[in-house]
Amino acid sequence: MMWIVRLVEQRMPYGPFTDEQEARQFADYLTAEVDPAEVERLCSPVGELLSWWQHVKTEKVRDA
């Protein structure tokens, strides 16, 4: 899994990070020295589409 650190107000991303702990430490640094920052899981558009598609297929099977 990969992570990004995003400045909350500007929505500017930093990363990606492969280590969540490192991402959290960097977010803490940015929050203290620059602006509030948060850690988010990095998702690819294809991964999001496939996850949605699998959910729709599961719902159709359950409703049938």
5 Å is the cut-off here: which amide hydrogens, built 1.01 Å from N in the peptide plane, fall below it relative to Val8, excluding neighbours closer than 5 in sequence?
Ala37, Glu38
Work out the FRET efficiency for Tyr14 and Glu59 from their Cβ-Cβ distance, taking R0 = 30 Å, and round it to the nearest 0.05.
0.25
Write down the Å³ per residue value for the convex hull defined by the alpha carbon atoms of the chain.
100 Å³
If you put +1 on each Lys and Arg Cβ and -1 on each Asp and Glu Cβ, how big is the dipole of the chain around its Cα centre, in Debye rounded to 20?
460 debye
Enumerate the calculated ³J(HN,Hα) couplings along the range 4-15 in order (Karplus 6.51 cos²θ - 1.76 cosθ + 1.60, θ = phi - 60°), each rounded to whole Hz, writing x wherever the residue is Gly or Pro.
10, 10, 10, 5, 4, 6, 7, 6, 7, x, 10, x
Considering only protein heavy atoms, with the full assembly of protein chains and a 1.4 angstrom probe, order Glu38, Glu48 by accessible area, largest first.
Glu48, Glu38
List the trypsin sites (Lys or Arg not before Pro) in the chain that DSSP assigns to loop (not H, G, I, E or B) and whose Cβ has at most 10 other Cβ atoms within 10 Å. Which are they?
Arg11
Considering amide H positions built from the backbone, and no H for Pro or chain starts, which residues 5 or more places from Leu42, or on another chain, come under 5 Å of its amide H?
Met2, Trp3, Ile4
Mean separation of Cα contacts under 8 Å (at least 6 apart) over the residue count of the range 3-57, i.e. the relative contact order in percent, is 38 percent
May I ask you to rank Tyr14, Tyr29 by accessible area, largest first, using a 1.4 Å probe over the protein chains only?
Tyr29, Tyr14
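The values are calculated or read from the model by the stated rules, or taken from the named source; none is laboratory data. Keep in mind the model is a prediction, meaning the values are calculated, not measured. Backbone-built Cβ (ideal geometry, glycine too); neighbour counts: all protein chains shown. Just so you know, the surface numbers come from the protein's heavy atoms only, side chains and all, with ligands and any DNA or RNA stripped out. Shrake-Rupley method; radii C 1.70, N 1.55, O 1.52, S 1.80 Å.
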